[in-house]
1. What shape does the range A:502-543 take by its C-alpha gyration tensor, where a ≥ b ≥ c are the square roots of the eigenvalues and a/c under 1.5 counts as rounded, a/b above b/c as prolate, and the rest as oblate?
2. Report the net charge of residues surrounding A:I122, where surrounding means a beta-carbon distance below 12 angstrom and charges are Lys +1, Arg +1, Asp -1, Glu -1.
3. Would you mind checking A:K163/B:K15; B:K108/B:K324; B:K218/B:K347; B:K325/B:K431; B:K351/B:K392; A:K128/B:K210 for any pair whose Cα atoms are more than 27 angstrom apart?
4. Please give the charge dipole size of the range B:6-211, origin at the Cα centre, charges +1 on K and R Cβ atoms and -1 on D and E Cβ atoms. Round to the nearest 20 debye.
5. Using the basic label-point model (7 angstrom from Cα toward the beta carbon), what is the B:K388 to B:N139 distance in nanometres?
6. What's the local net charge at B:D292, with K and R +1, D and E -1, over the other residues with C-beta under 12 Å away?
7. Report, by chain and number, residues whose modeled amide H sits under 5 Å from the one on B:V114, excluding near sequence neighbours (fewer than 5 apart, same chain).
8. Let me know the charge dipole size of the range B:216-444 about its Cα centre in debye, to the nearest 20, where only the beta-carbon of Lys, Arg (+1) and Asp, Glu (-1) is charged.
Amino acid sequence: MLRREFLKMSGAGAGALMLPIYGRAVAADVLATTMDVATKKKMATVALNAATKNGASYCDVRIGRYLRQFVITREDRVENVVNTESMGTGIRVIVNGTWGFAATSDFSEDGIAKAAVQATQIAKANSKFQTEPVQLAPVKGVGDVSWKTPIVKNSMEVPLKEKVDLLMSVNGAAMKAGADYIRSTLFLVNEQKYFASTDGSYIDQDVHRIWAPMEVTVIDKATGKFRTREELGGPRGMGYEYLDTRSKGIALPGGAVVYGSAYNMIDDAVAAAKQARNKLKARSVKPGRYDLVLDPTHLWLTIHESVGHPLELDRVLGYEANYAGTSFATIDKWQSKNFKYGSDKVTLFADKVQPTTLGAVAYDDEGVKTGRWDLVKDGVLVNYQAIRDQAHILGLKESQGCCYADSWSNVQFQRMANVSLAAGKTPLSVADMIKNVENGIYIIGDGSFSIDQQRYNAQFGGQLFYEIKNGQITEQIEDVAYQIRTPEFWNACSAVCDERDYRFGGSFFDGKGQPSQVSAVSHGSSTARFDGINVINTARSLG
Amino acid sequence: MTIYTEQDAKTLLQKVIKLSKADECTATIEGSINGNIRFARNSVSTSGIISNAELAVQVAFGKRVGIATINEFDDASLLRVVQRAEELARLAPENPEFMPAIAKQTYKPTDTFVASTAAITPDYRAQVAADCIAPCKANKLVAAGFLSDAHRFSAIANSKGNFGYQQSTAADFTCTVRTDDGRGSGWVARNVADIRDFSAKSDIQIAMDKASRSAEAKALEPGKYTVIMEPAASAGLISFMMFGFDARRADEGRSFLTKKGGGNKVGEKVFDERVTLYADPAAPGAAVMPWDEDGLPRERTSIVNKGVVDYLAYSRYWAKKQGKKAVGQPGNLIMVGGDKSTMDLVKSTKKGVLVTRTWYIRMVDPQTVLLTGLTRDGTFYIENGEIKYPIKNFRFNESPVIMLNNVDEIGKPERVADDESPFVMMIPPMKIREFTFTSLSDAV
């Protein structure tokens, strides 16, 4: 499920002593440095030796340095600037066919060796209750390799003043365009991760992500009504170059502007203020069945909830039953080789390699080379997302490479890869798609979201809703949410625009596990059409 | 050792404050030992103990503020963390909403520490898992659960001479039990101050019973129903509504407590007159720390009194701007109820739906606090005071404000937790009329 941490973090904490939730706060200059690879290899070797000496048949070591910067503003002021750094070592071992894990922030050789021994002790203790010994899909050691998110401008090196100036311009533009309030934030992440294992891999990766969330609020004092509009530029696996105020964006039918790999926050803030004002007087939707035209800024979240999660193998098997839930997409449906997850227009794939995505890395957190694979091919369920100790369940010879831990101190486990809807194979533009819709709603931006614990019944809102009548966009409407049953929804997909329209959305806050861990994930798609979907009206009166 | 004594904490914080050259300095240190065990598919999957302590230092030069934190406490590290906070403060723009450090306060200790909870051992956790798994295995049921416990301490101090110290404990247990054919699912949760009030052996029976009884679920038409909400079912909705109790949000015109034409609804009747909500740091069985995030002392605070809004949460800045007194913000949420159990409420119901819990609750419209979410792990049809049969889960679209106007009966409050709520809560089971279910879910 998508966590609400971010809202909590950027919310009421203003003015209070805000404890950074991701580790210790550091001065800005510390953010621009990296750790020496030779030192990391030396420390990892200490852990690998200590673990194998104490009976480990397998050991992996993750030495991580996790840097985050938050710049939080509202209207004409900066509410908070927080730099955090978290650094330490996580050691995972197999002894007697059982996992053990320990983590330490102590970087002395003795401290690391001790943690490695502790991991073997935990594995030994847990092995007494072991009923299914771990089967690890083989991975060939890759020796010393390194990878870095191909960024142009390291966000951590951009002076704070430049960031504050940008956000103040964004806020000023929104207020000038009619906003009553605006909150804008920069959220910058750099994960410096070193992985070493007894398979003979020593992998150094430098991962960068960026997100610039904002919320514009407009108020009609006389009626007491208020409306908000959130950003249309999602998070990306990019450097500071993503925030490009020269970008004109992509103008959609109906006039809304969305963004690809260059996000103009200022233009989006101005549009947000105007569109939020329109919401105050927009006509309330008449509930009923509509053909929905869903923009990628919206569809990513529907893909996330109704495809990404149900096809996580640990959920399917029941390991998440007490928290996030299980899945309707059971093994027997996959084994039948004819379970129609969607219409023949629907091909959904998982990957950790698409450039600029939040999931993009060269190797996952257990040293597996990342790749791309189909989950649903021409409508039929063909695969799940699995890691090394699950691959055998699917008859796979190797892991699909989607193992992740959100910090050095947490154990890595199966997390969602990027899951995306493949672009349509025949040429189709958004304008041409809309021309054929008689009675529909065009939805842009993600809004409210909720789905059941087996991923059948979901409800989604949005940021902008436009009525489509006889192939024409007529007006902006309000109070729209649609309810789906997952397989019916994807089987109602009648068209997907071609690759010219392919764009990404995503989140930093996909939550899973107990204790809960978060992970960042992107979802790509082109605009897609879904026929006869149930739309409800969400307006209520409190009297 | 991550649990400092009061004297050790005081010595450390005073040392930090002395190191700072800023105009003012606030330092807090918090430490905890967290233990947990997780099981699924009738087998233990993970277990661990995490010990950590963290020092946070906030300094100010004029209206420029810097914050830094660290988890090493030797003299060099203490100096480093103070210097980092000071560096950040010098780089930070002036904050026009800056509030100076609080004056020296008096904190009344509360009963947040229970020795038995602090003494939970790995063996105890393993036994909880075993007590859940064994009966499930024997009855063709599958258990997945999580027990998490903590022993913490918290200390605050500032350059104006303020100081507070207190220890606390917590324990939270949840378990989902499913029939091995996946057609039935039940759930039980216990959030306790004193672990001696918890028995996995007896509590697991509740989840097992619900799992077995929910296997042949029938489909009812979505619509408006009388519902019996178990405490865990409504806690998430009520907690979600509390964001609207922020004074600034209401005064700015973006809360359900905003008044048409400006201002807020304090003093107005917004809920049914049987609804009374308050916060009390010393509440028996639901005690919380005696100070809030700003270090302001918490007091017993009436939030809603007989349906009338009595309270809005003021940040120190907003209180000053509006000419109000800033008081400590609530750490718990207590709803006043009667003596009836959930089953008593079922007995007095002619036709209705019993809801065990609600799930994935998200805001649809903040204007009316319209929330959506689903029922889960035990939803039953009630007829003539009896549970007749299990029914398929529903999606709801309902506002807690409307829900708390449609109250028919209120039972005896129970301590509940919600992993998305910041509050320790005492919530009663409730009978609510015209609760809005908008669609069916096939999920079990």
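1. Numbers: a/c = 2.85, a/b = 1.26, b/c = 2.27.
In terms of gyration-tensor shape, oblate.
2. Values: positive: A:R92, A:K124, A:K128; negative: none.
Net local charge, A:I122 excluded: +3.
3. Working: A:K163/B:K15 35 Å; B:K108/B:K324 23 Å; B:K218/B:K347 21 Å; B:K325/B:K431 37 Å; B:K351/B:K392 16 Å; A:K128/B:K210 31 Å.
Pairs exceeding 27 Å: A:K163/B:K15; B:K325/B:K431; A:K128/B:K210.
4. Details: 24 positive and 24 negative charges, 50 e Å.
My answer is approximately 240 debye.
5. 2.5
6. Combined, the nearby Lys, Arg, Asp and Glu give -1.
7. Counting only residues 5 or more places away or on other chains, the set is B:T169.
8. On the way: 32 positive and 30 negative charges, 125 e Å.
Its charge dipole is roughly 600 debye.
No lab work stands behind these numbers, since they all come straight from the coordinates. Just so you know, these numbers come straight off a predicted model, no measurement behind them. Counting neighbours? That spans all protein chains shown, and the Cβs are built from the backbone with ideal geometry, glycine included.
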